[in-house]
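The values are calculated or read from the model by the stated rules, or taken from the named source; none is laboratory data. Values in this document were obtained by computation on a predicted structure and should not be read as measured data. Heads up, the Cβs are rebuilt from the backbone with ideal geometry, glycines too, and the neighbour counts pull from every protein chain shown. Surface accessibility is based on the protein's heavy atoms, side chains included, excluding ligands, DNA and RNA. Shrake-Rupley method; radii C 1.70, N 1.55, O 1.52, S 1.80 Å.
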Amino acid sequence: MAGSSRIVKGRQRWSGMFRLLGIVAMLASTSTAQSAIAPVPADPQIAAALHQISAARIQATIEKLVGFQNRSTLSAQDPSSIATGKGIGAARDWIQAELAGYSKACGGCLEIKTDTFREGPVDRIPQPIEITNVYAVQKGTNPGEAGRIVLVTGHYDSRNSENLNTTDPAPGANDDASGTAVSLECARVLSQYKFPATLIFLTVAGEEQGLNGSRHFAQMAKAEGWSLEAVLNNDIVGGDRSLQQNPDLVRVFSEGVPAAATEADLRLIRNVGGESDSLSRQLARYIAEVGRTYDAGIEPLLVFRQDRYLRGGDHVSFNQQGFAAVRFTEFREDYNHQHQNVRTENGVEYGDLPKFVDFDYIARVARLNAATLASLASAPAPPPKVRLLLKRLENESTLAWETAPGGRVVRYEVLWRSTTSPEWEYVQAVGNVTQITLPQSKDNVIFAVRAVDKDGHRSLPVVPVPER
Ligand SMILES: [Zn+2]
């Protein structure tokens, strides 16, 4: 056994020398080289924007929303209730006015819109009602890229112990005034800057009835053919102040096998081992990378699962329409402070009250969101039609793609990782080309291609499809 182990060592040394020679030859022939992936350089404008995110503003937003008493989707939205500041109609109007204020501050840079529709009777909506999503559009400044959209959302409806209770307090400070506040604060701050691609700051209703608002919005985006590249859903990002909370982490949930996968997609996923390479998973990895580039004060904890165990949220509505969408949620939820009537029983306080959330934590989550939104909206479009060319069996791998639209790309980068690695491990800059052959075998790694602009902004990576 000892002898055989020595022989293996000897063989490894020789193969190591051949590998080194191979790398030297490759260096000589391409003048570019692979390297272990390093953090993307920070953009000073994005770093400056993050400093504008204010915990005090977030606190004010959450307290305002809680002040509407009950924001059930089934609660009042008639003019007299709105006048008294009670119910979801008052919350809706306030969000709209708040976004309009941000727009005024940026010289009208935001277009404030509503998406209103009738729903019911369906499960948890016994009578037909009107549901309104409120959103602001910050149009991209590059005409060739204004069709590209990056979106952040939270749900402004709330509930207490009874889903049909529309009058008793349902403060929803954490679920989900926190996510609504993230969307609004990103709008307030990022509207002071310009980006080549379009940003949408969305707040939806109907989440607690069955994701009704987000479903309607995502179906509209699909029907209208939006180029919606990324959806960041913030739901329960309050950082509940329970002892077991980890205030340094925010969970980022992403689906593996896409909800919208066809039978053909599933066959391909099985054949190539593509279970961890959905659009949403690439977005989650991008967020992890943004977290290493910018100091948001919080670390994204990637969870490779669509949502918490057997649960759901508004990002699922977007996943179902084939869009990349992830969910941000605090590290540890406290169920005494969600979907509960406000009360004290046996010394235990129940209810989703502002005093249980951590406004500084929410500001850190907002910074991570804003950095991701700004990075994506600054980056070039992802390269289209990325393929692995398989005309013959070979150990090298040839990747091809089409020029990313927008005219801003200065080079492309090929990324790869071992099939067992959660994140990209290696990168090779390949210049402003649309085809490259690399010595790594496609049998052993997973590849992706991303586009880079002159300032170093990176697009979302695109995993190739096979082309025979
Ligand atoms: Zn929620």
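Structure above, values below:
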item: Residue count for segment 326-350, restricted to those that are in contact with a strand residue (DSSP E or B) (Cβ under 8 Å, 6 or more places away or on another chain), under 28 Å from CYS186 (Cβ atoms) and open to solvent by 40 Å² or more (accessible area, probe 1.4 Å); result: 1
item: Residues located in segment 247-271, provided they are of a type outside the set (A, V, I, L, M, F, W, C) and open to solvent by 50 Å² or more (accessible area, probe 1.4 Å); result: PRO247, ASP248, THR262, GLU263, ASP265, ARG267, ARG270, ASN271
item: Residues of segment 67-90 classified as among the polar types (S, T, N, Q) and in a loop (DSSP other than H, G, I, E, B), total; result: 6
item: Qualifying residue in segment 240-260 (condition: over 29 Å from ARG292 (Cβ atoms), assigned to a loop (DSSP other than H, G, I, E, B), among the hydrophobic types (A, V, I, L, M, F, W, C) and touching a helix residue (DSSP H, G or I) at 6+ places or on another chain (Cβ under 8 Å)); result: yes
item: Qualifying position, being of a type in the set (S, T, N, Q), open to solvent by 10 Å² or more (accessible area, probe 1.4 Å), touching a Gly at 6+ places or on another chain (Cβ under 9 Å) and on the phi < 0 side of the Ramachandran plot, among SER214, SER227; result: SER227
item: Selection count, segment 194-207, where residues are within 16 Å of the ligand (Cβ to nearest atom) and surrounded by fewer than 24 Cβ atoms within 10 Å (Cβ to Cβ); result: 0
item: Residues that are part of a helix (DSSP H, G or I), of a type in the set (Gly, Ala, Ser) and away from the ligand (no atom under 16 Å from the Cβ), drawn from segment 153-193; result: ALA187
item: Residue satisfying condition, being surrounded by 24 or more Cβ atoms within 10 Å (Cβ to Cβ) and within 21 Å of the chain's Cα centre (by Cα), within set VAL365, VAL414; result: VAL365
item: Segment 143-160, residues that are touching a Gly at 6+ places or on another chain (Cβ under 6 Å) and of a type in the set (S, T, N, Q); result: SER158
item: Unique match (being charged (D, E, K, R) and under 18 Å from GLN52 (Cα atoms)) among ARG387, ARG364, ARG392; result: ARG364
item: Of all residues in segment 220-233 being outside any helix (DSSP H, G or I) and more than 14 Å from SER254 (Cβ to Cβ), the one that is nearest to the ligand (Cβ to nearest atom); result: LEU228
item: Matching residues in segment 428-445 - criterion: being of a type in the set (A, V, I, L, M, F, W, C) and open to solvent by 20 Å² or more (accessible area, probe 1.4 Å); result: ALA429, VAL433, ILE436, VAL445
item: Any hit, segment 34-54, residues being under 30 Å from ARG159 (Cβ atoms), at pLDDT 95 or above and out of contact with any strand residue (DSSP E or B) (no Cβ under 7 Å at 6 or more places or on another chain); result: yes
item: Residues of segment 272-286 satisfying the condition of being among the hydrophobic types (A, V, I, L, M, F, W, C) and either out of contact with any strand residue (DSSP E or B) (no Cβ under 8 Å at 6 or more places or on another chain) or crowded, with 19+ Cβ neighbours inside 10 Å (or both); result: LEU279, LEU283, ALA284
item: Single condition LEU353 does not satisfy, out of (1) surrounded by 24 or more Cβ atoms within 10 Å (Cβ to Cβ); (2) among the hydrophobic types (A, V, I, L, M, F, W, C); (3) within 16 Å of the ligand (Cβ to nearest atom); result: (1)
item: Only one of GLY107, GLY89, GLY144 that is surrounded by fewer than 19 Cβ atoms within 10 Å (Cβ to Cβ) and without any contact (Cβ under 8 Å) to a residue 24 or more places away in the chain; result: GLY107
item: Selection count where residues are open to solvent by less than 20 Å² (accessible area, probe 1.4 Å), among the β-branched types (Val, Ile, Thr) and within 15 Å of ILE236 (Cβ to Cβ), scope segment 287-320; result: 2
